[in-house]
Structures are given as structure tokens and as C-alpha cells.
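What follows is a set of notes on a single structure, which appears directly below.
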Amino acid sequence: MYDIIVIGAGHAGVEAALAATRLGSKTLLLTINLDSVAMLACNPSIGGTGKGHLVREIDALGGQMGLLADSVTLQSKMLNKAKGPAVHSLRIQADKYQYHDTTKRLLEEEPGLTLRQAEVEALTFKDGRLSGVMARGGLHFEAKSVIIASGTYLRSKVFIGHEVIDIGPAGLKNTKKLSAQLEELGFELMRFKTGTPARIHADSLDYSELTLHPGDEEIVPFSFMNDKLEIDQIDCYLGYSNLTTHQLIQDNIEHSAMYSGNIEGTGARYCPSIEDKITRFADKDRHQFFLEPEGLKTKELYVQGMSSSLPESVQEAFLKTMDGMKAVEVLRPGYAIEYDCINPNQLKLSLESKLVEHLFFAGQVNGSSGYEEAAAQGLMAGINAHRKLQDEEPIVLKRDQAYIGVLIDDLVTKGADEPFRMMTSRCEYRLVLRQDNADIRLTPIGREVGLVSDERWERFQAKQAIREAELQRIETTNLKMDQINPLLESIGETPVNENVSIKNLLKRSKVDYALLGPIDQTRGDIPPEVLSGIEVEVKYKGYIDKQLKQIERFQSLESKLIPEDIDYHSISGLRIEARQKLADRRPENLGQASRISGVNPADLSVLLIYLETKRRV
Ligand SMILES: Cc1cc2nc3c(=O)[nH]c(=O)nc-3n(C[C@H](O)[C@H](O)[C@H](O)COP(=O)(O)OP(=O)(O)OC[C@H]3O[C@@H](n4cnc5c(N)ncnc54)[C@H](O)[C@@H]3O)c2cc1C
């Protein structure tokens, strides 16, 4: 008898199982194939715009992905550095084989967690309550709660040209029976698709025709538990398609699974195949690709940007039209995959399903796309499945607290009509929810939940003490005018006519800690991330304060809870469309109600008055 069973050891299942176990639930993690634990099925990279924020938030809460990513980093880059701090995002090239090995070993050694290879075919019920799962071969495992993290495997099919193969990703076995049962239970299933490019041999390229793409000199680790990463970074390479490539693909477009009508699933707008790019951006005479190493012990390179489901021979032919690739050797063809997922508007903000108590869903099965999105949901599902068993309130991170909050709120409140990918543009409070301050925002919550270890907590408190002291110091420490002015003149800044506090100097856009270093004698040994965080807080104070005001307004609506048993059809003044949408989605508070399409401000006022009247009665 287990407390929690997690179905699927992908990125969602791993975080869910570790969180539930570390919080004290006796957990069983079942997965079709132990050799695909935490498989990076697509790009061998972790992070990126918006996704890097999720990884840092998972780490700050006491999750695992940040530490795993740091341990397998091959190359690291802080993206969007030329833009504002709100969109700075960490992205690493990861050794995907090492990622799998390290994660599997961690699961095998986690006290209180049982890892087992088995394919779950059905949920079981006793007296109408969820009671466990039935696996292939009639194995029955009992549990009080189940988390489904089945990824891209539910009734999945792989497409290469006109070929349709009844398998899961990377040639692995798919799973069929669970989908049928979910439909019987009343879940609305959707058909989504995604795709991946070919893998090629690193020794079959002409690097003189490609552009070197190195990592950053200074590496910022994903995990707040790591001060720095000392690795010999390996390079990626940049190349471009050309008009010959485009013509060849155009001439064969009807043989692409995406364009032959074979595929019915909906794909991600933000991960287009090369066929999509040629069709949607026909005016462009070239599209870039990046060659990303899959691991230290393999010659396989991932051709980022060239995802395709054209026949293998056509894939090989179009790759060979591009500079640097004329003699390319294809090791694995690209393909498209179609799979079942549920519409996430059937979930509560805790990721528990509205239809079956103690049944949670996490990851790609919720209509999201990406390792990071999956891991974030897995962490929250693991925490909340455990807390539900302890009769504790679920942890629901809000849109003003975390990208994880935006991710889950968007999925659950708006549903998904295509694979949902996290981006900074989805986050209205992104200047406050930066990747560098994820620990300040979330580690206290992780500590309260019970996932943040003593070591991490002490480290966090020590860092906060340094930060507080430094904020104090720059406020009260003045630098001498005659020392400042030569520095200001050296960067073309207006000189000052009196001694000025460090803080006031840092408010200037071109002045930073590095510039003031030579004259700032009282500065202690402060971690670079604390210094850069303080620079942002000082320079963007006006914008941050404005965003904090918006957050106050947001919180006032979020704090207006809606009773679970409310009867929207009895509320006069509510428009019919709003009644139907609200009755269908059953939002948990007025803020969530305001984000349901079809519910307009007039409906919200009617609802607010209704709730106020009810509250006073
Ligand atoms: C071909 C391909 C291309 C992709 N392209 C992109 C992309 O371009 N951008 C992007 O962001 N993401 C992409 N992804 C998605 C990315 O891989 C997923 O988002 C991520 O892996 C989802 O994590 P997950 O934990 O939800 O599921 P997965 O990583 O898919 O793991 C699910 C796990 O559940 C197990 N499982 C499933 N059913 C059962 C069952 N019944 N019983 C027991 N175990 C079960 C499986 O064996 C697997 O281990 C792609 C994925 C694939 C396959």
C-alpha cells in the first residue's frame, strides 16, 4: 500500500515523486522503461526564455531540475543579456545521457521512494474512490493518490513522411489503455503533436562553413546551491538554410506528414518545423539552425531549428544543401509525434482533477510543451498530492509570485488549444519575477512546505543577510566627488558637484558596481548575483514600484474566493455566456474568473456584488 503512485518517470514524474517522497509520502514511481527515465526526447538543452525562470524557481522551492542541469552542463549562456533584466534567461546545453543516468541513480537511492518498470493500464477504484493502478500483466498497486505524468506516450504515433508508426518517442513503447479509461471517466482528451529534427554525425561536417557559437565566459549556475560551475565548455555551431533547401522542401511538401493530412494533432506555434517555416515565412531566404552536442560520449549532434517529418531521404537531401553539411551523415531521422493529453481546464489550481478526487495530472499530459514546464507542474503536483493526504491546504503559487503560478493558472484557467510553451511575455509581472530573485520569492515558501533543506535554508539566509547589509551600505555610504568624477567622465557621464551615495550613483544607467569598484573601498566579498540583483532593484525601482502597485490590484481580486458550490445560473444580471463558462470552469476566485474568456468586466461586477451580499448574509 502506497500513499502516492506516480505514473511516468519523465521530467514531471521525477519532480513529483521526489517531492512527495521528501515530504514523507510513501511513493511508487512506475514507468514503461527505466532506460528512458528523464529522457531529453528533443533538444539536449534546459532553460531558455521563460523556461530558465521555471528551472530557477523549481530549484528555489527545493526541486531537483536545477541541480541536475548544473551537473550535466556542457555549455551555458544567459540569453537576452542585451535586453532588460526581466527577460534575461539561462539556457544550458546538457549531456542528455548523463542527465538520464544521474536522475535514475538519484531515484534509485532516494529513501522512501520505490522505482519500478511497469506500464499502467488502468486506475482502480474501491467504493467509488480512487484506490490504485493496474499494470500490464495484472499487477495491482494500491495507493490513496495517483499522479499521471505520462507525457507524449498516450496513444502516441510517430510520423516520418507517409510512414505512421505505432510507437512512442525515440522508438520507445507507447501506452494505449489509460486514454480509453480517462475518456470513460469523463475527461476531455485532445490530440496534440510535436516534432524533432534529425541527429547527425559530428565528424561529417565542414566546420569552416559554420559559425562557432561558444558559451558565456562567466557561467551562472541554475541552482542557488552552486556558487559557480567550473567546466570546459563545448561549442555549438550556427548555420543557415538557403533557397535551394527551401525549394527542395517545397517540392516535397506533400510527402511531409505535417502536410499530407495524416496528422490530426495540433502543434506548437512556437516550435515550427522547417516545413512550417518555409510555408509560413516564404519571404525569408534563409532560416538558422544550431548544431547542439547531445553528450560527451557521443558524436550525435541535434540540428536545432530543422525539425521535420519529411521522408528520411528528403531530410538527408535538404540537410546536404546547406553550407557545412554537404557530406552530412544522418544518424537518426527527424519525426513528428502525435499523442493524447487532457484539457487542463478540468483541473484545479492544485493540479488535482475536478472529476476524480486524489487524481493529479502533471506535465505534457496537461497540454504543455517542454521539460521545464513539465518539471514545474510535477513539483507542484507532488507537493499538493502529499498535502491533500495530510488534509493541508494546497500550495497554489500566484501569477504575482512565480512563473510556475502563471504556467498553471494559464493552463487551468484558459485551457490549452495548442501545446503551451512558457515565455516571458506570458508573465505580466516579469520585472518583479526575474530569474535572479527566484530564491527571494520562493525559498521561504519551499521551507514552509518542507522541501527546502537546512543546508539550502542556511545558505539562503546567509545570502539574504549579505544582501540586506549591502542595501544598507549603499544607502549610507557616500563616495568622494573628486574620486567619482574621473570615472563618470571616462564613460561620458555628467560629473557630480558633491559627495554622492553609492545608491544614487547606481541609479545612473551607465554606472555599475564594476565601474565603482576602484573607489568603493568598503565593499565586502559579495556574490556577483547579489550585486547584479541590487543593480536591477536600484536602476528599475520606478518600474518595479509601478508593477508592485499593479500586483496590489491583482491581489485584491485574487483574494475574493468563490464558494465551490456557487450556482451561477441563479445569479441574475450575469450574461448567459458568462454563466455557462463560469459553471463549466468553476474558478476558485474572482481573479481567476476575470481571466476566463467570455467573462467580461460587467459580469465580474455582478459576481462581486453577489459575493459581497452573500458574505454579509
Ligand atoms: C519528438 C519530441 C519532440 C519534442 N519537441 C519539443 C520541443 O520542440 N520543445 C519543447 O519544449 N518540448 C518538446 N518536446 C517535449 C518534451 O520532451 C516534453 O515536454 C517533456 O519531456 C515532457 O515531460 P513529461 O514528464 O510530461 O513527459 P515525458 O518526458 O514524455 O515522460 C513521460 C514518462 O511517462 C512514462 N509513461 C507514459 N505512460 C505510462 C504508463 N501508462 N505507465 C507507466 N509509465 C508511463 C513514459 O515511459 C515516460 O517515461 C518534445 C518531445 C518529443 C517526444
- [ ] Rounded to whole Hz and in sequence order, give me ³J(HN,Hα) for the stretch 560-576 from the Karplus expression 6.51 cos²θ - 1.76 cosθ + 1.60, θ = phi - 60°, writing x for Gly and Pro.
- [x] 8, 6, 10, x, 4, 9, 4, 9, 5, 6, 9, 8, 6, x, 7, 5, 4
TODO: Kindly rank 20-27, 546-553 from highest to lowest mean number of other beta carbons found within 10 Å of each residue.
DONE: 20-27, 546-553
Open item on the list: Need the full-extension length gain, residue 228 to residue 323, defined as separation in residues times 0.36 nm minus the C-alpha distance. One decimal, nm.
Closed with: 30.5 nm
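I'd like the FRET efficiency for residue 510 and residue 264, computed as 1/(1 + (r/R0)^6) with the beta carbon distance as r and R0 of 60 Å, rounded to 0.05.
The formula returns an efficiency of 0.65 here.
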TODO: Would you check the stretch 310-405 for Lys pairs whose C-alpha atoms are within less than 24 Å, ignoring same-chain pairs closer than 8 in sequence, and give me the count?
DONE: 5
TODO: Express the carbon and sulfur contribution to the solvent-accessible surface of the stretch 256-301 as a percent, rounded to the nearest whole number, probe 1.4 angstrom.
DONE: 45 percent
Task: Taking N as its residue count, the alpha carbon Rg of the stretch 406-475 over 2.2 N^0.38 Å - done: 1.48
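How many lysine pairs in the stretch 138-197, separated by 8 or more positions in sequence or lying on different chains, have Cα atoms less than 23 Å apart?
The result is 8.
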Open item on the list: When the expected Rg is taken as 2.2 N^0.38 Å, what fraction or multiple of it is the alpha-carbon Rg of the stretch 560-616?
Closed with: 0.96
Task: Accessible surface of the stretch 99-196 [probe 1.4 Å, protein heavy atoms]: carbon and sulfur percent - done: 49 percent
TODO: Determine which lysines satisfy two conditions relative to residue 546: a Cα distance under 17 Å, and not lying fewer than 8 residues away in the same chain.
DONE: 507
Task: Accessible solvent surface per residue of the chain, calculated while the other protein chains remain in place, 1.4 angstrom probe, Å² - done: 42 Å²
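Placing +1 at every Lys and Arg Cβ and -1 at every Asp and Glu Cβ, with all other atoms neutral, what dipole size does the chain have around its Cα centre, in debye to the nearest 20?
I would put it at about 1460 debye.
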Open item on the list: With θ taken as phi - 60° and the coefficients 6.51, -1.76 and 1.60, list the Karplus ³J(HN,Hα) couplings across the stretch 239-252 in order, rounded to whole Hz; mark glycine and proline as x.
Closed with: x, 9, 7, 8, 5, 5, 4, 5, 5, 4, 5, 4, 5, 10
TODO: Evaluate Rg over Rh across the stretch 349-426, taking Cα atoms for both radii and Kirkwood's formula for Rh.
DONE: 0.95
Open item on the list: Suppose each label sits 7 Å from its Cα in the direction of the beta carbon; what would the residue 165-residue 280 distance come out to in nanometres?
Closed with: 2.6 nm
TODO: Provide the three semi-axes, in whole Å and in decreasing order, of the ellipsoid equivalent to the stretch 300-344 as defined by the square roots of 5 times the Cα gyration tensor eigenvalues.
DONE: 27, 11, 9
Task: Inter-probe distance in nm under a simple model that places probes 7 Å from Cα toward Cβ, at residue 201 and residue 556 - done: 6.8 nm
- [ ] With a/c under 1.5 counting as rounded, go ahead and sort the stretch 461-617 into rounded, prolate or oblate using the C-alpha gyration tensor (a ≥ b ≥ c being the square roots of the eigenvalues; past the cut-off, prolate if a/b is larger than b/c, else oblate).
- [x] prolate
TODO: Quick one, can you get me the convex hull of the C-alpha atoms of the stretch 1-452 expressed as volume per residue in Å³?
DONE: 134 Å³
TODO: Mark the label point 7 Å from the Cα of residue 464 along Cα→Cβ and return the residues of the stretch 55-70 whose backbone N is within less than 20 Å of it.
DONE: 56-63
Task: Residues of type lysines that residue 77 reaches as a straight line, Cα spacing below 25 Å, ignoring anything fewer than 8 places off in the same chain - done: 51, 96, 228, 297, 299, 463, 510, 539
Open item on the list: Using amide H atoms built in the peptide plane, which far-off residues or other-chain residues are under 5 Å from residue 240 H to H?
Closed with: 289, 323
Open item on the list: Considering all alpha-carbon pairs of the stretch 454-545, what whole percent are spaced by more than 19 angstrom?
Closed with: 42 percent
- [ ] Give the shape of the stretch 235-283 as rounded, prolate or oblate, defined through the alpha-carbon gyration tensor: a ≥ b ≥ c are the square roots of its eigenvalues, a/c under 1.5 means rounded, and otherwise the shape is prolate if a/b is larger than b/c and oblate if not.
- [x] oblate
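How would the stretch 241-335 be classified by its alpha-carbon gyration tensor: rounded, prolate or oblate, with rounded meaning a/c under 1.5 and the a/b versus b/c comparison settling the rest?
prolate
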Task: residue 426 paired with residue 567, simple spin-label distance in nm, labels 7 Å along Cα-to-beta-carbon - done: 3.7 nm
Task: Among beta bridges that DSSP assigns inside the stretch 1-452, antiparallel share in %, nearest 5 - done: 70 percent
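The values are calculated or read from the model by the stated rules, or taken from the named source; none is laboratory data. Computed from a predicted structure; not experimentally measured. No Cβ is skipped: glycine too gets one built from the backbone with ideal geometry, and neighbour counts run over all protein chains shown. Calculation scope for accessible area: heavy atoms of the full protein, side chains included, ligands and nucleic acids excluded. Shrake-Rupley method; radii C 1.70, N 1.55, O 1.52, S 1.80 Å.
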